[in-house]
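Q: Starting off with a structure, shown below.
The values are calculated or read from the model by the stated rules, or taken from the named source; none is laboratory data. Quantities reported herein were computed from a predicted structural model and do not represent experimental measurements. Cβ atoms come from the backbone with ideal geometry, glycine included; neighbour counts cover every protein chain shown. Ligands, DNA and RNA are excluded from the accessible area calculation, which covers all protein heavy atoms including side chains. Shrake-Rupley method; radii C 1.70, N 1.55, O 1.52, S 1.80 Å.
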Amino acid sequence: MKKFAMAAAGGIIAGVIATTQIAGPLLAQETAKSSSVYEQLDLFGDIFERIRAQYVEDVEAGELIEAAIDGMLTSLDPHSSYLSPDDAAQMRVQTRGEFGGLGIEVTQEEGFVKVVSPIDGTPADEAGVEAGDFITHVDGDSVLGLTLDEAVDMMRGPVGSEILITIVREGEAEPFDVSIIRDTIKLTAVRTRTQGDTVVLRVTTFNDQTYANLESGLNEQIEIAGGMDNINGIVVDLRNNPGGLLTQAIRVSDAFLEEGEIVSTRGRNIQDGERFNATAGDLAQGKPIVVLINGGSASASEIVAGALQDHRRAIVVGTKSFGKGSVQTVMPLRGDGAMRLTTARYYTPSGRSIQSLGVSPDIIVEQPRRSPDEEDEEESPARSLRSEADLRGSLNNDSLTEDEIKQIEEERAKVEAAAALREEDYQLAYAIDILKGLNALGPVD
């Protein structure tokens, strides 16, 4: 018993000595770090005063401090930034779905402004701006060397005013200018329509209206079709959707999932991680789903595509998505400003991080670009091929009733409409053809 007590005491003493030997240098290191931080803050104060006293022009102290704060945040990653009171107010308006501008989501790459995606129906979209374009000049002034916020400020202006942006595009030999008239951007978060027997849900952004728009639009299309039995499937079109609110991405994913994880977030500390799960209820009632994505599908769009893909609830078609796998938290600051700070990475249900990698489609389908020669060919009258029915004196088909002939003609008209859609939107036509194929393999009544 004495030996045990001695051994225990010896262990405690040894532990104290070991702790002292390790903690001593650590404490010294922490003190040195603190001292170094204070020295750096003193250096900042010295530079601040030198600028105020000796810069060639008078400068506002508040502007200097805001610039320093923004520089500190933007040095972390492309998505962290300082929001002035005006910027913070505008961001709150944007999440409600209406704001002024060009209608493009941008990021920064190699010092230039890169278009993540134009928003459907906006001035930028109508002017032909495409995902992946680089904006090098605004009204003749270079954006090289500017922060993203400074470049965006250059593109802002009164509604109705004109802006000239210079674009560098892959596949184009020379940069070219695009003139755009600024307008009020009114976002319709989800546009719905029925193409043949397929409901198409075009989700353009994830704002406060997205889930409500999607649910009401889908129910409306089901009612028009006369019930879900008359619909062969759903296309969720997320192409050129730059993302938005995480909460809305979760709700849209949950709309088509009965159970399981939708997305998880992992921050710097393990305890800060979150996991979001689906609840029972599928708006599509088990009908097959195809999700369309491309290089302009980012952030919240990738959460939806990744969740439905991992649960094998949808076939993902198109091209690789943008690859923004981080979560930004907007933190209010004194003076009505705010800080947008990257606080976590998000992961799909299978544990994949799509940061910088994007979501890879199950079936890669490029959207072909039309050349001027092809457009000229389309304008020329197509030569129709002759069939047996065109021959003079051909026999009638006496095995079908008039109603059966009418039904065949209606089905033929649908097929021809689908073929015409391939010329207009090849990727969407491909998605609809997949749903037709899946339904063709179903049980025969």
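Q: Search segment 40-83 for residues being polar (S, T, N, Q) and open to solvent by 40 Å² or more (accessible area, probe 1.4 Å), and hand back the single one that is farthest from T343 (Cα to Cα). Full working, then the answer.
A: Residues of segment 40-83 that are polar (S, T, N, Q), as a first pass: 40, 54, 74-75, 80-81.
Of the ones still in play, those that are also open to solvent by 40 Å² or more (accessible area, probe 1.4 Å) are 40, 54, 74-75.
Working: Q40: 25, Q54: 38, T74: 14, S75: 15 Å.
Restricting to residues being polar (S, T, N, Q) and open to solvent by 40 Å² or more (accessible area, probe 1.4 Å), the top hit is Q54.
Q: Moving on. Hey, L164 hits all of (1) in contact with a helix residue (DSSP H, G or I) (Cβ under 9 Å, 6 or more places away or on another chain); (2) modelled with pLDDT of 90 or more but one; which does it fall short on?
A: Here L164 clears every test but (1).
Q: Being open to solvent by 40 Å² or more (accessible area, probe 1.4 Å), at pLDDT 85 or above, part of a loop (DSSP other than H, G, I, E, B) and not β-branched (V, I, T) is true for just one of L395, L357, L385. Which residue is that? Explain how you work it out, then say what you get.
A: On the way: L395 fails: at pLDDT 85 or above; L385 fails: at pLDDT 85 or above.
It is L357.
Q: Looking at the structure I just gave you, is I181 among the β-branched types (V, I, T), within 27 Å of Y82 (Cα to Cα) and modelled with pLDDT under 95?
A: No.
Q: Sticking with this one: Check R193 against each of (1) among the charged types (D, E, K, R); (2) over 26 Å from M91 (Cβ atoms); (3) free of Cβ contacts under 8 Å to residues at least 24 places away in the same chain; (4) in contact with a strand residue (DSSP E or B) (Cβ under 7 Å, 6 or more places away or on another chain) and name the one condition it does not meet.
A: Only one criterion is unmet by R193, namely (3).
Q: Could you check Y82 against (1) within 21 Å of the chain's Cα centre (by Cα); (2) among the aromatic types (F, W, Y); (3) at pLDDT 90 or above and say which number it fails?
A: (1)
Q: May I ask you to say which residue of A151, A88, A124 is in contact with a helix residue (DSSP H, G or I) (Cβ under 7 Å, 6 or more places away or on another chain), in a helix (DSSP H, G or I) and open to solvent by less than 40 Å² (accessible area, probe 1.4 Å)?
A: Numbers: A151 fails: in contact with a helix residue (DSSP H, G or I) (Cβ under 7 Å, 6 or more places away or on another chain); A124 fails: in contact with a helix residue (DSSP H, G or I) (Cβ under 7 Å, 6 or more places away or on another chain).
Answer to the selection: A88.
Residues checked against (1) aromatic (F, W, Y); (2) open to solvent by less than 10 Å² (accessible area, probe 1.4 Å); (3) closer than 25 Å to L257 by Cβ:
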{"position": "G295", "(1), (2), (3)": "no, no, no"}
{"position": "A300", "(1), (2), (3)": "no, yes, yes"}
{"position": "H311", "(1), (2), (3)": "no, no, yes"}
{"position": "V316", "(1), (2), (3)": "no, yes, yes"}
{"position": "V327", "(1), (2), (3)": "no, no, yes"}
{"position": "R334", "(1), (2), (3)": "no, no, no"}
{"position": "R340", "(1), (2), (3)": "no, no, no"}
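Q: Can you find a residue in segment 29-42 that is modelled with pLDDT of 90 or more and not in a helix (DSSP H, G or I)?
A: Within segment 29-42, none of the residues are modelled with pLDDT of 90 or more and not in a helix (DSSP H, G or I).
Q: Do any strands (runs of 3 or more DSSP E) lying entirely in segment 248-347 carry at least 3 residues that are polar (S, T, N, Q), and which ones are they? Even if it seems obvious, please write down each step before you answer.
A: Working: elements: 261-267, 274-277, 289-293, 314-318, 326-332, 338-347.
Of the strands (runs of 3 or more DSSP E) lying wholly inside segment 248-347, those with at least 3 residues that are polar (S, T, N, Q) span 326-332.
Q: Now for a different question. Can you tell me which condition A124 does not meet? The list is (1) at pLDDT below 85; (2) within 14 Å of R169 (Cβ to Cβ), and all the others hold.
A: With respect to (1) at pLDDT below 85; (2) within 14 Å of R169 (Cβ to Cβ), A124 is out only on (1).
Q: Quick check on segment 162-214: of everything there that is touching a Phe, Trp or Tyr at 6+ places or on another chain (Cβ under 8 Å) and assigned to a strand (DSSP E or B), which residue is surrounded by the fewest Cβ atoms within 10 Å (Cβ to Cβ)?
A: Residue satisfying both the conditions and the ranking: T184.
Q: Return a yes/no flag: does segment 230-238 have any residue that is open to solvent by 60 Å² or more (accessible area, probe 1.4 Å), at negative phi and not in a helix (DSSP H, G or I). Write out each step before concluding.
A: Step one: of segment 230-238, the residues open to solvent by 60 Å² or more (accessible area, probe 1.4 Å) are 230.
Still in the running and at negative phi: 230.
Still in the running and not in a helix (DSSP H, G or I): none.
No, because not a single residue in segment 230-238 is open to solvent by 60 Å² or more (accessible area, probe 1.4 Å), at negative phi and not in a helix (DSSP H, G or I).
Q: May I ask you to verify whether S117 is at pLDDT below 90, within 22 Å of the chain's Cα centre (by Cα) and surrounded by 15 or more Cβ atoms within 10 Å (Cβ to Cβ)? Quick ask: steps written out before the conclusion?
A: Values: at pLDDT below 90: yes; within 22 Å of the chain's Cα centre (by Cα): yes; surrounded by 15 or more Cβ atoms within 10 Å (Cβ to Cβ): yes.
Yes.
Q: Say whether the condition of being closer than 24 Å to G273 by Cα, in contact with a Phe, Trp or Tyr (Cβ under 8 Å, 6 or more places away or on another chain) and at pLDDT 90 or above is met by at least one residue in segment 361-377.
A: Taking segment 361-377 as the starting set, the residues that turn out to be closer than 24 Å to G273 by Cα are none.
No, there is no match, as no residue in segment 361-377 is closer than 24 Å to G273 by Cα, in contact with a Phe, Trp or Tyr (Cβ under 8 Å, 6 or more places away or on another chain) and at pLDDT 90 or above.
Q: Can you pull out the residues in segment 239-254 that are of a type outside the set (G, A, S) and open to solvent by less than 10 Å² (accessible area, probe 1.4 Å)? Talk me through it step by step, then tell me what you get.
A: Initial filter on segment 239-254 (of a type outside the set (G, A, S)): 239-242, 245-248, 250-252, 254.
Passing the criteria: N241, V252.
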